[in-house]
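Undergrad: The structure that follows is given in the form of structure tokens.
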Amino acid sequence: MDHRRISFLLAVIWTIVAVLPLFFGGTNFIMHILIMCLIWSVVASCWDLIMGFAGIFSFGQVAFFVMGSYASAIISAQFGIPPIFAVFIAGGITAGIGILVGLPCLKLKGAYIALVTFAVHMILEPVLKGEIGRAIGTGGTRGLLTIEPMTIFGYTFSTASPVPYFYLMLLVAVICSVIILVVIKSHWGTAFLALKDSQEFAACLGVSAFKYKLMVFALTSFLTGMMGGFYAHYVGMLSTRMLGIDLFVTLMVILVIGGVGKFPGAIIGAFITIAINELLSPLGPYRPITMGAMVVILVLVLPDGIVGLFERLFSKKPHDITH
Amino acid sequence: MIKLTDVNACYQDFHVLKNVSLAVEKGQIVVMLGPNGHGKSTVLKAICGLVKKVSGLIRFEGENITGLGSEKLVDMGITYIAENRELFPQMSVLENLKLGAYSRSARAFEKKNLEKVFDLFPRLRDRQSQLASTMSGGEARMLAIARGLMSNARFLAIDEPSLGLQPNLRDEVAKIIKQINGQGITLLVVEQNIPQITELADTLYVLEEGRISFEGSKEDALGNDHLKEIFLGM
Amino acid sequence: MVIEIADVIISGLINGSVYALMAVGLTLIYGVSKAFNFAYGSFYSLGGYIAFLLFGLSFINNYFLVFLLAAPILLVFGFFVEKVLVAPLRKRDDWEIKVMMITLGLALFLDNSFQVIFGSRMKSLPPFLEGGFEGGNFYLSHQDVGIFFLSIGGILLFRWFLNNTRTGMSVRAVAQNPAGAQIVGIPKEFVFAATFAISTVMVGMGGILLAQKYFITPMGGWDILVKAWVITAFGGMGSIRGGLYAAFIVGMLEAFVGWYFGMTWTLIVLFAVLLTTLAVRPQGLLGKWG
């Protein structure tokens, strides 16, 4: 899709989302879900940017999210930094770790990158729970139970009235989506298209695969870590349960539904997935089975997700950013 | 034996062959010349079921084989021998040859064809257990041809058999092509203008920019000025 | 002290042998078809659960029968999964990501189905050999010895298959040169499905072999997937010989680290070793088809 179409779609999506509190503002439960949708939409879009766009099989997204959330909580608790700044610092820390991880592993091929980034995810749990974790204030196996709520200019956001936080998150999500759009349509974007087609040929043209991949890795780690911070200060507590397989799978389902490499599919996917997740909760233990079956069917039937479906319906020559 | 009528083919989104028509009669050696990158390999590959996007009509002994895959075609007796040879590097010469006889129809004749092939290429018999990746260019080329013969093929499409070979080896290749043909196998050979090979041709084709620009015998070719340009230009 | 170390070495060898069986399966799929099966861990559990069900049948009372029946079930299942879920995705862009996604969905489906059908409590299988070798403080169960030899046997059987059967040779051919395989008339799609099926049998058998020691749980497969993955990457994706060496190295390393530092450190050490190896040799120890 050309950037005009994407911008238009983004504007439509965000406008619809923005007016939702008019209908659901009274129900805290629904507002809570919408806030989570906003947070995941950014995290999923970052993952989409890495996987579908830059072609890096990174499985570290959840790990970076958790890192960011712990970092922000610890910074605000131990250094007394207001949460609004803590989240950005946390984003920076996560970006730094992202670069550290990216430096060795972006030189590897496909499945190896997946393994290394997944390794980061697997190692994070024992590190956070263990001695190192307790030393820096992660609360070990107990996790963190009291995290400072977000305060801006003296106003404290609380879970009791989630609507203001919803708008804060909406603002953050819109800004992040614009950043991602700019990356896609900038010369970075053309560089990635060239890289995806043929790494060797692009190298001849002077396109440094490594440099661009590292930058995208850093950017997405920053945004993801930052969103982790926003999550921490909203929910008020953290535990390493987030590192379980559920979150990982949820993110993947979001990309399946939204379409990999079809920005802003991830945003649409986030809302739909979380909504479906909620709708299916009466199924209890049958819910994950249904989700699993859904993923399988969707990948076969709608391989490019919902956005891909629209592309095929509304254009004769579907042009997506991966071509 | 093989007849192409108005065949179009696309290879990796590029429209390579444009309304190509040619015929190879049973028992003939037909040579196809032409500048590089103009589709000569694609013609061979299309006949042998290695190109996905093919339209038009390809017939083998009257039967329509357009769009069939290589598995079926090798079984029917049509085999491609690649210019890159495409051998199995970590396997021995013997294993490569055995795999040449993979198709059902070739399996029954594996032992017989192995003997035939070793008679034709005595050097391969000596190097039976050698890994294919350690072979020299010429030996690898021989192995590729030998492996093709193991499929009990009645029609062989050979892609640039002399590529990269020294002149004395080219003579050997020409000799082998003549011998194979002598055993009753029909050949369509793509080559640069190698006199030893074009000498053997019953018919010559020239492919330029995906189209047949010349069809005729060697004598016709000699009298054609445009062709002389191409030959000298190459 | 000596006995403790001997115990550790033996434990490492035994685990290593089963890991070898499973790592070879994973490296096989990758080497031949470049696909990554995220449901590999679930297939491991599947093997265990199939064995569990079979033992529930009155006429099944020994492992020989269980293996005999489980193998074809796993084979057909794997073949079916590849044909229906993986093969259709090959034509699409980003098919590797899509294969990961669909196998992840399958894993989710299977694991939670196991949970619903069998409950989340551990299931165990009856031991197939009783008793053991004793010598002072030293004890080596017949069971463990049996597992070791069965795993090695499985690997040798697989090696024989690769070198001496037509299908086996076609598998090697596709892995070494897919273009060449096509030229020779080898049906690539069948080979892809066959290798997937074989790897399913291998990891399922691993599940049955280790079920007596480590029990069967619905989510138990993920550890196996990660381990198999680490071993495969360490040894070089696509290299069978590499996978074998790596499996035993990892088995021993795990045993020693677990004994000396405690089980929580094993994963960290494993990954540290993997990362340093990849930094020096990005293709793993023997990264190439071997």
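Undergrad: I want to confirm something. Restricting to the stretch B:88-122 and keeping residues that are of a type in the set (A, V, I, L, M, F, W, C) and within 15 Å of C:Gly185 (Cβ to Cβ), which single residue is surrounded by the fewest Cβ atoms within 10 Å (Cβ to Cβ)?
TA: B:Ala108
Undergrad: When residues of the stretch B:176-201 are filtered for being open to solvent by 70 Å² or more (accessible area, probe 1.4 Å) and modelled with pLDDT under 85, how many remain?
TA: Of the residues in that region, 2 qualify.
Undergrad: Something else now. Looking at the stretch A:256-298 only, could you name the residues that are β-branched (Val, Ile, Thr), farther than 14 Å from A:Val43 by Cα and within 12 Å of another protein chain (Cβ to nearest Cβ)?
TA: Selection gives A:Val256, A:Ile257, A:Ile289, A:Thr290, A:Val295, A:Val296, A:Ile297.
Undergrad: Let me ask another. Considering C:Ile224, C:Ile208, C:Ile249, which residue is part of a helix (DSSP H, G or I) and within 14 Å of chain A (Cβ to nearest Cβ)?
TA: Only one candidate passes the filter, namely C:Ile224.
Okay, residues lined up against (1) open to solvent by less than 10 Å² (accessible area, probe 1.4 Å); (2) within 14 Å of chain A (Cβ to nearest Cβ); (3) closer than 22 Å to A:Val253 by Cα:
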site: C:Gly41; (1), (2), (3): yes, yes, yes
site: C:Gly47; (1), (2), (3): yes, no, no
site: C:Phe52; (1), (2), (3): no, no, no
site: C:Ile60; (1), (2), (3): yes, no, no
site: C:Leu65; (1), (2), (3): no, no, no
site: C:Leu74; (1), (2), (3): yes, no, no
site: C:Val81; (1), (2), (3): yes, yes, yes
site: C:Ala87; (1), (2), (3): no, yes, yes
site: C:Val99; (1), (2), (3): yes, yes, yes
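Undergrad: Out of (1) of a type outside the set (Ser, Thr, Tyr); (2) assigned to a strand (DSSP E or B); (3) open to solvent by 40 Å² or more (accessible area, probe 1.4 Å), what's the single condition that is false for B:Val16?
TA: Going through (1) of a type outside the set (Ser, Thr, Tyr); (2) assigned to a strand (DSSP E or B); (3) open to solvent by 40 Å² or more (accessible area, probe 1.4 Å) one by one, B:Val16 breaks only (3).
Undergrad: Restricting attention to the stretch B:60-88, which residues are acidic (Asp, Glu) and more than 7 Å from every other protein chain (Cβ to nearest Cβ)?
TA: Residues satisfying the conditions are B:Glu61, B:Glu63, B:Glu83.
Undergrad: Residue check, C:Phe109 against (1) modelled with pLDDT of 90 or more; (2) more than 19 Å from A:Gly308 (Cα to Cα); (3) open to solvent by less than 70 Å² (accessible area, probe 1.4 Å), all met but one. Which one?
TA: For C:Phe109, the exception is condition (3).
Undergrad: For the structure I just gave you, tell me whether B:Pro161 is open to solvent by less than 20 Å² (accessible area, probe 1.4 Å) and either at pLDDT 90 or above or part of a loop (DSSP other than H, G, I, E, B) (or both).
TA: Answer is yes for this residue.
Undergrad: Within the set of pairs 6+ apart or on separate chains, which have a first residue in the stretch A:93-116 that is free of Cβ contacts under 8 Å to residues at least 40 places away in the same chain and more than 7 Å from chain C (Cβ to nearest Cβ), a second that is among the aliphatic types (A, V, I, L, M) and assigned to a helix (DSSP H, G or I), and C-beta atoms under 7 Å apart?
TA: A:Cys105/A:Ile113; A:Cys105/A:Val116
Undergrad: Return yes when A:Val66 is in a helix (DSSP H, G or I), of a type in the set (Val, Ile, Thr), open to solvent by less than 10 Å² (accessible area, probe 1.4 Å) and farther than 30 Å from C:Ala233 by Cα and no when it is not.
TA: no
Undergrad: A:Phe271 - would you say it is outside any helix (DSSP H, G or I) and either open to solvent by 10 Å² or more (accessible area, probe 1.4 Å) or in contact (Cβ under 8 Å) with a residue 24 or more places away in the chain (or both)?
TA: no
Undergrad: Let me ask you something else. Which of the residues belonging to the stretch C:158-190 are touching a helix residue (DSSP H, G or I) at 6+ places or on another chain (Cβ under 7 Å), within 9 Å of another protein chain (Cβ to nearest Cβ) and farther than 17 Å from C:Thr27 by Cβ?
TA: C:Met169, C:Ser170, C:Gly180, C:Ala181, C:Gln182, C:Ile183, C:Val184, C:Gly185, C:Ile186, C:Pro187, C:Lys188
Undergrad: Mind counting the residues in the stretch B:47-87 that are open to solvent by 60 Å² or more (accessible area, probe 1.4 Å) and closer than 26 Å to B:Met135 by Cβ?
TA: 2
Undergrad: On to the next question. Are there any pairs, at least 6 apart or on different chains, whose C-beta atoms fall under 8 Å, with the first in the stretch B:128-141 and open to solvent by 50 Å² or more (accessible area, probe 1.4 Å) and the second of a type in the set (Gly, Ala, Ser), and if so, which?
TA: So the pair list comes out as B:Gln128/B:Ser92; B:Ser129/B:Ser92; B:Gln130/B:Ser92; B:Leu131/B:Ser92.
This table checks each residue for (1) open to solvent by 10 Å² or more (accessible area, probe 1.4 Å); (2) under 21 Å from C:Ile97 (Cβ atoms).
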residue	(1), (2)
A:Val235	yes, no
A:Ser239	yes, no
A:Met242	yes, no
A:Asp246	yes, yes
A:Leu251	no, yes
A:Ile254	no, yes
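Undergrad: State all residues of the stretch A:25-53 that are touching a helix residue (DSSP H, G or I) at 6+ places or on another chain (Cβ under 7 Å) and either charged (D, E, K, R) or outside any helix (DSSP H, G or I) (or both); if no residue qualifies, say none.
TA: A:Gly25, A:Asp48
Undergrad: Ok, one more. Exactly one of these conditions fails for C:Pro127: (1) over 22 Å from C:Gly78 (Cβ atoms); (2) touching a residue at least 40 places away in the same chain (Cβ under 8 Å); (3) within 14 Å of chain A (Cβ to nearest Cβ). Give me its number.
TA: Going through (1) over 22 Å from C:Gly78 (Cβ atoms); (2) touching a residue at least 40 places away in the same chain (Cβ under 8 Å); (3) within 14 Å of chain A (Cβ to nearest Cβ) one by one, C:Pro127 breaks only (3).
Undergrad: Give the residue, chosen from B:Arg107, B:Arg125, B:Arg147, that is without any contact (Cβ under 8 Å) to a residue 12 or more places away in the chain, within 10 Å of chain C (Cβ to nearest Cβ) and out of contact with any strand residue (DSSP E or B) (no Cβ under 7 Å at 6 or more places or on another chain).
TA: Answer to the check: B:Arg107.
Undergrad: Please name all residue pairs, on different chains or six or more residues apart, with Cβ atoms under 7 Å, provided the first residue is in the stretch A:118-132 and is farther than 15 Å from C:Val230 by Cβ and the second residue is of a type in the set (Gly, Ala, Ser) and assigned to a helix (DSSP H, G or I).
TA: That search, which allows pairs on different chains as well, returns A:Leu124/A:Ala63; A:Val127/A:Gly133.
Undergrad: Continuing with this model, one more query. Whether any residue in the stretch A:78-90 is open to solvent by 10 Å² or more (accessible area, probe 1.4 Å) and within 13 Å of chain C (Cβ to nearest Cβ) is what I want to check.
TA: No, the conditions are met nowhere in the stretch A:78-90.
Undergrad: Report, by residue number, each residue of the stretch C:233-267 that is open to solvent by 40 Å² or more (accessible area, probe 1.4 Å), among the hydrophobic types (A, V, I, L, M, F, W, C) and over 14 Å from the mean Cα position of the chain (by Cα).
TA: C:Ile249, C:Met252, C:Leu253, C:Phe256, C:Trp259, C:Phe261, C:Met263, C:Trp265, C:Leu267
Undergrad: Report the residue count in the stretch C:1-44 for those that are in contact (Cβ under 8 Å) with a residue 60 or more places away in the chain and farther than 30 Å from C:Ser170 by Cβ.
TA: 12
The values are calculated or read from the model by the stated rules, or taken from the named source; none is laboratory data. Just so it is clear, the structure is predicted and the values come from calculations on it, not from any experiment. Backbone-built Cβ (ideal geometry, glycine too); neighbour counts: all protein chains shown. Side chains included, ligands, DNA and RNA excluded: accessible areas come from the protein's heavy atoms. Shrake-Rupley method; radii C 1.70, N 1.55, O 1.52, S 1.80 Å.
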